[in-house]
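The values are calculated or read from the model by the stated rules, or taken from the named source; none is laboratory data. What you see is a predicted model; the values in this text were computed from it and never measured. Every residue, glycine as well, gets a Cβ built from its backbone with ideal geometry; the counts of neighbours run over all protein chains shown.
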Amino acid sequence: MVHSKGKILWADDEIEHLKPHILFLEEKGYAISAVTNAEDALALLGEKPFDLFLLDEMMPGMGGLEVLEHIRSRFPALPVIMITKSEQEDIMEEAIGSNIHDYLTKPVNPSQILSSCKKILEKARINRDRLTREYTAEFSEISRLLCGDLTASDWADIHIRLSERELKLDEHPEHGLRNTLVSQRSECNKEFGNFIEDSYGDWLERGDGPVLSPHVFRRFIVPLLEKGRRVLLVVIDNLRYDQWLAIEPLLYESFAITRDYYYSILPTATPYSRNALFAGLMPLEIQRRYPDRWESGEGDDFSRNRYEDILMRDHLERLKLNGDVTSKYIKVLNAEEAGRLAGNSSEYLTARLTALVFNFVDILAHRRSESEILREIVPDEPAYRSLTASWFLHSPLLKIITEAGAAGATVVVTSDHGSVRVRKASTVHADKEASSSLRFKYGKNINAEKRYVFNIKNPEAYMLPASGINTNYIIAKEDAYFVYPTNYHHFLQLYRDSLQHGGISLEEMILPVCTLEPAGGSG
């Protein structure tokens with residue numbers, strides 16, 4: 001038995017003349033019910049369900065626009081194609097304003113009708129089939145790439161392609177490919193961890209690696225300032241590449257967007273990566289240049305980010321821009337502070353360069369680890385992306401960015417690090433002075449399971465501060481997290497499946513840097 005591609009109701013007072021069109025659609029697999037007036041159409045709609053309604057705009061008795069009102073009140077989900085002899089623009093606008101799905105002008109040929117029906121009734125299936133073909137080919141290509149020698153650029157390309165594919169699958173949650181994609185990302189992160197362990201030290205020693213946190217200003221901000229542009233730099237703490245892809249479409253109307261990326265330094269944690277971004281220096285260089293400020297945060301990583309405004313000003317001075325470029329630094333920690341900024345561009349656009357740090361995404365990740373309700377709301381990555389996009393849509397930050405564009409400023413949006421959902425517990429042995437992070441630790445003689453760990457025994461070689469002899473850093477790879485033997489099972493369950501950062505994964509290290517130029521040209 002051949003299943004119908006969709007049940008269509010067609011109302012037209014000249015339906016007898018449309019028999020060839022009906023036969024054509026039936027041959028293509030659609031089931032057609034035809035009536036000659038609106039009253040019969042509404043009666044039939046009340047008796048059985050239809051997938052699509054073809055509606056003639058000009059019929060005796062109740063006209064098409066009047067029928068639309070009844071349809072929207074009684075059958076709001078029913079797609080409608082309006083067909084009319086009239087080419088009057090006001091009728092067309094009124095019909096479109098009533099949320100019709102398509103508008104055709106008589107005489108229509110069978111192919112036109114088929115195209116509209118297929119677009120409405122088979123779009124999901126067509127997209128699923130195309131997605132399957134595309135992903136199957138891409139899966140094979142990425143699997144082939146993993147067998148070769150990959151560069152930092154190759155890994156960025158793989159991560160971006162996986163992120164784009166994840167967003168495509170978000171549109172089709174019923175598709176059976178998600179588990180395959182999750183498995184492939186896991187395999188990629190395993191190989192990526194080995195790649196970073198082999199390459200990261202060479203990048204620092206030779207200076208021939210990808211753009212890292214300390215290079216972001218020099219690579220992406222300075223060229224804009226040298227062109228005389230006014231720049232708003234927005235750093236969204238803990239924003240991943242896939243989350244950026246989820247919010248980016250909300251900015252298309254106001255900006256021309258250029259995407260790029262950079263690599264976060266290790267550890268991929270705020271005190272290291274964000275300080276490095278603003279200072280233009282590696283953590284060891286920051287400690288040596290500002291010993292009092294770095295040591296004042298010992299034991300409290302978050303306090304180490306209290307001086308980003310000073311780090312930025314000194315950075316601009318070293319770049320010989322401080323005399324010519326006025327700068328401003330603003331950290332937004334809550335919705336109230338953000339609300340005060342939105343609608344008051346004079347607060348954040350008075351300088352040539354304004355750096356705006358937003359902490360919402362990072363707060364969301366941390367709170368999810370602590371809250372059962374948030375874990376239910378955000379059970380997986382698709383929900384994490386969706387919630388991020390919903391926040392951005394309704395946040396003062398969207399208004400701030402669009403206001404900046406309207407004022408002619410170039411906006412650069414980036415992140416300091418990403419996060420990964422952790423699943424594998426790795427037992428760690430350390431003394432009580434060791435740092436408390438779940439994805440990295442530093443202290444004296446720290447050890448953990450070798451297969452999930454990048455053990456940095458000589459921190460200075462990796463431009464990391466050491467608090468004395470025998471200090472080492474361990475950094476988790478893949479989706480591992482560190483758990484002490486004491487109360488092992490309690491912490492195993494407490495943190496498993498939580499969002500963490502500080503380690504080595506595609507999600508944590510490869511970050512978006514997107515330049516937003518105001519639509520219609522620069523100001």
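Which count do you get for residues in the stretch 36-73 that are more than 44 Å from the chain's Cα centre (by Cα), assigned to a loop (DSSP other than H, G, I, E, B) and exposed (fewer than 14 other Cβ atoms within 10 Å of the Cβ)?
Residues flagged as more than 44 Å from the chain's Cα centre (by Cα), assigned to a loop (DSSP other than H, G, I, E, B) and exposed (fewer than 14 other Cβ atoms within 10 Å of the Cβ) within the stretch 36-73 amount to 2.
Evaluate the stretch 74-86: report whether one residue or more is farther than 22 Å from D40 by Cα, at pLDDT below 90 and surrounded by 16 or more Cβ atoms within 10 Å (Cβ to Cβ). Step through it out loud before you land on a result.
Of all residues in the stretch 74-86, those farther than 22 Å from D40 by Cα come to 86.
Pick out the ones that are also at pLDDT below 90 and you get 86.
Still in the list and also surrounded by 16 or more Cβ atoms within 10 Å (Cβ to Cβ): none.
Checked against the condition, which is being farther than 22 Å from D40 by Cα, at pLDDT below 90 and surrounded by 16 or more Cβ atoms within 10 Å (Cβ to Cβ), the stretch 74-86 yields no hits at all.
Just to verify a result, which residue in the stretch 146-157, among those that are small (G, A, S) and exposed (fewer than 12 other Cβ atoms within 10 Å of the Cβ), is modelled with the highest pLDDT?
Of the residues in the stretch 146-157, the ones small (G, A, S) are 148, 152-153, 156.
Right, trim to exposed (fewer than 12 other Cβ atoms within 10 Å of the Cβ) and you get 148, 153.
Values: G148: 91, S153: 97.
Restricting to residues being small (G, A, S) and exposed (fewer than 12 other Cβ atoms within 10 Å of the Cβ), the top hit is S153.
What is the number of the single condition among (1) assigned to a helix (DSSP H, G or I); (2) under 27 Å from E517 (Cα atoms); (3) at pLDDT 90 or above that D260 does not meet?
D260 satisfies every listed condition except (1).
Is it the case that the stretch 490-507 has a residue that's under 23 Å from L162 (Cβ atoms), under 19 Å from the mean Cα position of the chain (by Cα), in a helix (DSSP H, G or I) and not aromatic (F, W, Y)?
Scanning the stretch 490-507, I find at least one residue that is under 23 Å from L162 (Cβ atoms), under 19 Å from the mean Cα position of the chain (by Cα), in a helix (DSSP H, G or I) and not aromatic (F, W, Y), so the answer is yes.
Which numbered condition in (1) without any contact (Cβ under 8 Å) to a residue 24 or more places away in the chain; (2) assigned to a loop (DSSP other than H, G, I, E, B) is the only one that H172 fails?
(1)
What's the number of the only condition in (1) closer than 23 Å to F195 by Cα; (2) touching a helix residue (DSSP H, G or I) at 6+ places or on another chain (Cβ under 8 Å); (3) aliphatic (A, V, I, L, M) that I400 fails to meet?
Of everything listed in (1) closer than 23 Å to F195 by Cα; (2) touching a helix residue (DSSP H, G or I) at 6+ places or on another chain (Cβ under 8 Å); (3) aliphatic (A, V, I, L, M), I400 misses just condition (1).
Only one of these conditions is not met by E26: (1) assigned to a helix (DSSP H, G or I); (2) surrounded by fewer than 15 Cβ atoms within 10 Å (Cβ to Cβ); (3) more than 44 Å from the chain's Cα centre (by Cα); (4) not small (G, A, S). Which number is it?
Status for E26: all satisfied but (3).
Residues in the stretch 123-145 that are surrounded by fewer than 16 Cβ atoms within 10 Å (Cβ to Cβ) and out of contact with any His (no Cβ under 8 Å at 6 or more places or on another chain): how many?
Of the residues in the stretch 123-145, 13 are surrounded by fewer than 16 Cβ atoms within 10 Å (Cβ to Cβ) and out of contact with any His (no Cβ under 8 Å at 6 or more places or on another chain).
The rows are residues; the columns are (1) assigned to a loop (DSSP other than H, G, I, E, B); (2) modelled with pLDDT under 95; (3) crowded, with 21+ Cβ neighbours inside 10 Å; (4) not hydrophobic (A, V, I, L, M, F, W, C).
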{"site": "Q243", "(1), (2), (3), (4)": "no, no, yes, yes"}
{"site": "L266", "(1), (2), (3), (4)": "yes, no, yes, no"}
{"site": "P271", "(1), (2), (3), (4)": "no, yes, yes, yes"}
{"site": "R274", "(1), (2), (3), (4)": "no, no, yes, yes"}
{"site": "D292", "(1), (2), (3), (4)": "no, yes, no, yes"}
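Which numbered condition trips up P49, out of (1) over 26 Å from Y30 (Cα atoms); (2) at pLDDT 90 or above?
For P49, the failing item is (1).
Assess whether L349 counts as being surrounded by 21 or more Cβ atoms within 10 Å (Cβ to Cβ) and in contact with a strand residue (DSSP E or B) (Cβ under 8 Å, 6 or more places away or on another chain). Spell out the reasoning first.
On the way: surrounded by 21 or more Cβ atoms within 10 Å (Cβ to Cβ): no; in contact with a strand residue (DSSP E or B) (Cβ under 8 Å, 6 or more places away or on another chain): yes.
Considered against the rule, which asks whether it is surrounded by 21 or more Cβ atoms within 10 Å (Cβ to Cβ) and in contact with a strand residue (DSSP E or B) (Cβ under 8 Å, 6 or more places away or on another chain), L349 comes out as no.
With respect to S371, determine if the residue is within 27 Å of the chain's Cα centre (by Cα), among the hydroxyl-bearing types (S, T, Y), assigned by TED's automatic domain parsing to the domain that holds M282 and within 24 Å of S437 (Cα to Cα). Outline the logic, then answer.
Working: within 27 Å of the chain's Cα centre (by Cα): yes; among the hydroxyl-bearing types (S, T, Y): yes; assigned by TED's automatic domain parsing to the domain that holds M282: yes; within 24 Å of S437 (Cα to Cα): yes.
Yes, satisfied.
The rows are residues; the columns are (1) surrounded by fewer than 16 Cβ atoms within 10 Å (Cβ to Cβ); (2) in contact (Cβ under 8 Å) with a residue 40 or more places away in the chain; (3) not small (G, A, S).
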| residue | (1), (2), (3) |
| --- | --- |
| L333 | yes, no, yes |
| T354 | no, yes, yes |
| R367 | yes, no, yes |
| I373 | yes, no, yes |
| Y384 | no, yes, yes |
| F392 | no, yes, yes |
| L398 | no, yes, yes |
| A409 | no, yes, no |
| A434 | no, no, no |
